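Input: a single structure, listed below in structure tokens.
Just so it is clear, none of the values below were taken in a lab; they were calculated from the coordinates. Nothing here was measured: the structure is a model prediction, and the numbers come from that model. FYI the Cβ positions are ideal-geometry reconstructions off the backbone, even for glycines, and counts take in every protein chain you see.
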Amino acid sequence: MEGMKILDTGIAGTLESSDVMITIKKHSGVEIELNSIVEKQFGRQIREVVRQVLEQLGVKDALVVVQDKGALECVLRARLITAVYRSAGLAEVQWEVFA
Amino acid sequence: MMSENRLRRTMLYVPGNNAGMIRDAAIYQSDSIMFDLEDSVSYREKDAARLLVYYSLRTLDFEGIETVVRINGLDTPYGREDIKAMVKARPFAIRLPKTETAQDVLDVETLIAAEEQKNGIPIGTTRMMAAIESPLGVLNAYAIATSSKRLIGIAIGAEDYVTSMKTSRSPDGVELMFARGMLVTAARAAGIGAFDTVYSDLNNEEGLRKEVELIKQLGFDGKSIISPRQIAIVHDVFNPTPKQIANAKMVLQAIEEAKAKGSGVIALNGKMIDKPIVDRAMHTLDLAIASGLIEDARTAMEVSNAR
């Protein structure tokens, strides 16, 4: 798919247990700020999933702030995609892109 | 695991935007889990819930528990997106809210079929349930129940219905008598399941038990529930008693004996056993097996043999 552009700050998710709050801002290049209760064990994996999803959506410039409360990977993916779509100002998800 | 005739005593509501509740949903062993994209999700979070339920269904193991998603109606800006996402996410069934006519079911079915085709999913894979929540829906119950082969059941949603009826819910449920009777009769005439509405007063366990006894007696298959705390009570009411199980086993034995003798007439204690009695005995044993009251694999086998 054509790359998605971060136009505005987008937020998705909550700070409840088992969830994650993602904040995406305009930025030059990709930068990930991670704050997780399981950073030691899963920090690398969380960053990897974030990079993978951004790549899938063609996002090349974004600051992604991840405030993780022990979210499963599927929750992380869902929240991140929601935040990207919100920040790009798009309402309809291209479902065919997602496995 | 996912069959037409499996037990559906409890269908646990899980708000579609609640990550923690989705993660834990399978722990409590309700018969079905219903992820909700409709009333429990605020307008601002519809996009988030849809993606969360999508990825959860694609990824998590719900341990063989049947999954259902309640979508938003087609009269909202969300219904079509919900269908696109959920057909791909492959829950067992999609539940329509506020169904009033057979056409409502057909409209959703058309969209489901189109998405199935687009995604290479065999047409008809996605099953449907219809919730009836208005006086018009109640009067059209049979037409709704027979509108699509995808339907596994119809459910009554009481809150909107009683408001439209200019009344409110009461402990004995007299205001729902007609709607429940209509719904369960329509479901039985159509050969599909009948599911009762939620019981909202979480702290009133006695009230819940009474309501479940009532709907079981009316012939319902089960009930939507709003908390895992309600599962045990509903299952307990639906469980057959030891006496009923013993009697059902005797019916099966009589069938076996009649078969062995080559006799067409089946009798038990001098009384003829006809088809309704056999059917009831089978249903009792199905319930007993599902609720773990019969651990004997042999009985399970006899039940399937006698069919």
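Peptides B:64-77, A:22-35: what's the order by average Cβ count within 10 Å, highest mean first? List each step's numbers first, then the result.
On the way: B:64-77: 19.9, A:22-35: 15.1.
Sorting B:64-77, A:22-35 by mean packing, highest first, produces B:64-77, A:22-35.
Give the angle, between 0 and 90 degrees and rounded to the nearest 10, that separates the Cα long axis of helix A:39-57 from the longest principal axis of the Cα atoms of chain A.
That works out to roughly 10 degrees.
Below 8 Å, C-alpha to C-alpha, sequence gap of six or more: please give me the relative contact order for chain B in percent. Numbers along the way, then the final one.
Details: 506 pairs, mean separation 42.0, N = 307.
The normalised contact order for chain B reaches 14 percent.
Residue farthest toward the positive end of the dipole of chain B, with Cβ of Lys/Arg at +1 and Asp/Glu at -1: which of B:PRO135, B:ALA187, B:HIS235?
Projecting each Cα onto the dipole axis, the largest value belongs to B:ALA187.
Using 27 Å as the Cα-Cα cut-off, could you pick out the over-long pairs in B:LYS88/B:LYS149; A:LYS5/B:LYS84; B:LYS149/B:LYS259; B:LYS118/B:LYS149; A:LYS69/B:LYS118? Show your work: numbers first, answer last.
Values: B:LYS88/B:LYS149 20 Å; A:LYS5/B:LYS84 24 Å; B:LYS149/B:LYS259 35 Å; B:LYS118/B:LYS149 20 Å; A:LYS69/B:LYS118 37 Å.
Going by Cα-Cα distance, B:LYS149/B:LYS259; A:LYS69/B:LYS118 fall outside the 27 Å limit.
What is the mean number of Cβ atoms from other protein chains located within 10 Å of the Cβ atom of each residue in peptide A:15-26, rounded to a whole number? Walk me through the intermediate numbers first.
Details: counts 0, 4, 3, 7, 7, 1, 0, 0, 0, 0, 0, 0.
What the average comes to for A:15-26 is 2.
Using alpha-carbon positions, what is the distance between the centroids of the range B:132-181 and the range A:1-61, in Å?
Here the two parts' Cα centres lie 45 Å apart.
Per residue of B:44-56, what is the mean number of Cβ atoms on other protein chains within 10 angstrom of that residue's Cβ? Kindly include the intermediate steps, with their values, before the conclusion.
Numbers: counts 1, 4, 1, 9, 11, 2, 4, 13, 10, 1, 7, 11, 4.
Neighbouring Cβ atoms belonging to other protein chains average 6 per residue here.
Of the cross-linked pairs B:LYS210/B:LYS249; B:LYS46/B:LYS166; A:LYS40/B:LYS46; B:LYS98/B:LYS223, which ones have a Cα-Cα span greater than 23 Å in the structure shown? Intermediate results must be reported in sequence, preceding the final value.
Details: B:LYS210/B:LYS249 28 Å; B:LYS46/B:LYS166 30 Å; A:LYS40/B:LYS46 33 Å; B:LYS98/B:LYS223 17 Å.
As for pairs spanning more than 23 Å Cα to Cα, those are B:LYS210/B:LYS249; B:LYS46/B:LYS166; A:LYS40/B:LYS46.
Quickly rank B:26-34, B:170-178 as a protection proxy: mean count of other C-beta atoms within 10 Å, highest first.
Details: B:26-34: 20.3, B:170-178: 14.3.
Result, highest mean first: B:26-34, B:170-178.
Taking amide H atoms as placed 1.01 Å from N in the peptide plane, list the residues 5 or more away in sequence, or in a different chain, whose amide H sits under 5 Å from that of B:ILE273.
When sequence neighbours closer than 5 places are left aside, the close amide H contacts are B:ILE266, B:ALA267, B:LEU268.
Mind checking the angle between helix A:73-88 and chain A's longest principal axis? C-alpha axes, 0 to 90 degrees, to the nearest 10.
Here the helix axis deviates by roughly 40 degrees.
Averaged over peptide A:76-84, how many Cβ atoms belonging to another chain are found within 10 Å of each residue's Cβ?
Shielding by partners across A:76-84 averages 5.
Output the antiparallel fraction of DSSP beta bridges having both residues in chain B, as a percent to the nearest 5. Write down the numbers at each step before the final one.
Numbers: 2 of 32 bridges.
About 5 percent, rounded to the nearest 5.
List, in order, the whole-Hz ³J(HN,Hα) value for each residue of the range B:281-289 obtained from phi through the Karplus relation with A = 6.51, B = -1.76, C = 1.60 and θ = phi - 60°; use x for Gly and Pro.
4, 4, 4, 4, 6, 4, 4, 5, 5
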